[in-house]
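Report on the structure given below.
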Amino acid sequence: MVKMYYNEDADLDVLKDKTVTVLGYGSQGHAQAQNLHDSGINVIVGLRKGSARWKQAEKDGLTVKTVPEAVKSADIIQILLPDEVQSRVYENDIMPYLESGNAIVFSHGFNIHYNQIIPPEDVDVYMVAPKSPGHLVRRTFKEGTGVPGLIAIYQDATGDAHKLALAHAKGVGCTRAGVFETTFREETETDLFGEQVDLCGGVASLIKMSFEVLVEAGYKPEMAYFETLHELKLIVDLIHEGGLEKMWYSVSNTAEYGGLTVGPKVINELSREAMYEALERIQNGEFAREFVLEGKVNNPVLTSMERQEREHPIELVGKDLRAKMPWLNSELNED
Ligand SMILES: NC(=O)C1=CN([C@@H]2O[C@H](COP(=O)(O)OP(=O)(O)OC[C@H]3O[C@@H](n4cnc5c(N)ncnc54)[C@H](OP(=O)(O)O)[C@@H]3O)[C@@H](O)[C@H]2O)C=CC1
Ligand SMILES: CC(=O)[C@](C)(O)C(=O)O
Ligand SMILES: [Mg+2]
Ligand SMILES: [Mg+2]
């Protein structure tokens, strides 16, 4: 087993006299900045002028500055901007203001691993990566628990990077749930693989295709929505709590037999090949190059796919049905 780090393994005191600047106040930024602040750490949020989130961060009790000003005020600069804009912001607004002995922190290794940001040798570079969407990083922290996370050290200029990374992970709440150490390469490649093949891409495709099949076969969209999307969370909750075993235990024998025999026909050897292909494109940098170039031309493919996704019948029927389930709706907007 890998070594796991918990609260007692991390010392927040190493951050006591430091200022942490969190650049960006989006999914991870708003969550990690507030968690660090609530952990007693001196936090400044860095945003561009005119950011709609500036007021929100101030309302949340945080000091906000422009990115260059925030970098100048900081010992530790955590870059929580979208991956595709990080290198541009780094060159214009971060690098010129870095000081020897500063630390640069990431929550995903993309820009370091794929050579988009090349930091100077006299700064620490480490990662604190919650294995969770940002909104749950905040929600679980407020509930008194936390999400698991990774740390990785890319560059240890001061000799303190490891201690800083552990303390930082503690401030974010990850040592409550467990933290283990990895490398920038391993985090980047597994994270991209997971989100493309399983967590986001695989699941979304599975949901849409099973929905489409039921609707094409003449079943009501509402029925199909409940069956292929809504109930998925309830099933995944069981897997999350007690592994596949708990899920198989809880569902009927009919579901267990049908699931075990039919599942591998649906996610099959062709899917395995597609997974290997996705992994290869991640490992050889092709996916990274495609995504970086997409960002440089203002995301034409992403924009169009987002529109198509919004217009998918499952999203239309889902919107109507969720409006009738108000208890589902508020959570993402709360923080
Ligand atoms: N989303 C997640 O749950 C996870 C993300 N990560 C990683 O965390 C990092 C941040 O991702 P995420 O939280 O999704 O990012 P978001 O897309 O939510 O970040 C949005 C924030 O970035 C700011 N921003 C965007 N462009 C610029 C710019 N050019 N100059 C200044 N600020 C800018 C936005 O400012 P404005 O308010 O002005 O629009 C906003 O505050 C990434 O490395 C990602 O891979 C890791 C684990 C999970
Ligand atoms: C939430 C998370 O960890 C992801 C899926 O890797 C991401 O949002 O990049
Ligand atoms: Mg991830
Ligand atoms: Mg990711």
Quick one: go through segment 1-31 and flag any residue whose amide nitrogen is under 19 Å from the point 7 Å out along the Cα-to-Cβ line of residue 160.
9-22
Sequence ranges 297-306, 241-250, ranked by mean other-Cβ count within 10 angstrom, highest first
241-250, 297-306
Among 31, 67, 110, pick out the residue whose Cα is farthest towards the positive end of the charge dipole of segment 4-181, where Lys and Arg carry +1 and Asp and Glu carry -1 on C-beta, about the Cα centre.
31
Under the Karplus relation with 6.51, -1.76 and 1.60 and θ = phi - 60°, whole-Hz ³J(HN,Hα) for segment 76-82, x at Gly and Pro, equal 10, 10, 9, 9, 10, 9, x
Protection proxy (average C-beta count within 10 Å per residue), highest first, orders 190-203, 105-118 as 105-118, 190-203
At 0.36 nm per residue, and after removing the present C-alpha to C-alpha distance, how many nm does the segment from residue 306 to residue 321 gain when stretched out fully?
3.3 nm
Show log10 I(q)/I(0) for segment 4-181 at q = 0.09, 0.14, 0.19 Å⁻¹, two decimals, from a solvent-free Debye sum over equal Cα scatterers.
-0.26, -0.65, -1.29
Taking a crude spin-label model, label points 7 Å out from Cα along the C-beta direction, the residue 97 to residue 277 distance in nm is 4.5
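Could you give the dipole magnitude of segment 4-181 about its Cα centre, charging the beta-carbon of Lys and Arg +1 and that of Asp and Glu -1, in debye to the nearest 20?
Its charge dipole is roughly 880 debye.
Classify segment 240-335 from the C-alpha gyration tensor, please: rounded if a/c falls under 1.5, else prolate or oblate depending on whether a/b exceeds b/c. Mind dumping the intermediate values first?
Details: a/c = 2.17, a/b = 1.18, b/c = 1.85.
Judged from the Cα gyration tensor, segment 240-335 comes out oblate (a/c at least 1.5, b/c at or above a/b).
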Classify segment 115-210 as rounded, prolate or oblate from the Cα gyration tensor: take a ≥ b ≥ c as the square roots of its eigenvalues, call it rounded if a/c is under 1.5, otherwise prolate when a/b beats b/c and oblate if not.
oblate
Rounded to the nearest 20 debye, what is the charge dipole size of the chain about its Cα centre when +1 sits on each Lys and Arg Cβ and -1 on each Asp and Glu Cβ?
920
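Given 265/296; 131/233; 233/319; 170/246; 59/163, which pairs have Cα atoms separated by over 28 Å? Let's see the in-between values first.
On the way: 265/296 40 Å; 131/233 18 Å; 233/319 17 Å; 170/246 30 Å; 59/163 31 Å.
Beyond 28 Å: 265/296; 170/246; 59/163.
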Tell me, what is the percent relative contact order of the chain, built from C-alpha pairs under 8 Å that lie six or more residues apart?
16
Whenever you get a sec, compute what percent of the accessible area on the chain sits on carbon and sulfur atoms (1.4 Å probe).
54
Mind running the shape call on segment 160-318? Use the C-alpha gyration tensor, a ≥ b ≥ c as the square roots of the eigenvalues: rounded below 1.5 for a/c, prolate if a/b tops b/c, oblate otherwise.
oblate
Please give the helix 313-323 orientation as an angle from the longest Cα principal axis of the chain, in degrees from 0 to 90, rounded to the nearest 10.
80
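The values are calculated or read from the model by the stated rules, or taken from the named source; none is laboratory data. All values derive from a computational prediction rather than experimental measurement. Every residue, glycine as well, gets a Cβ built from its backbone with ideal geometry; the counts of neighbours run over all protein chains shown. Side chains are part of the model used for accessible areas, which takes the heavy atoms of the whole protein and leaves out ligands, DNA and RNA. Shrake-Rupley method; radii C 1.70, N 1.55, O 1.52, S 1.80 Å.
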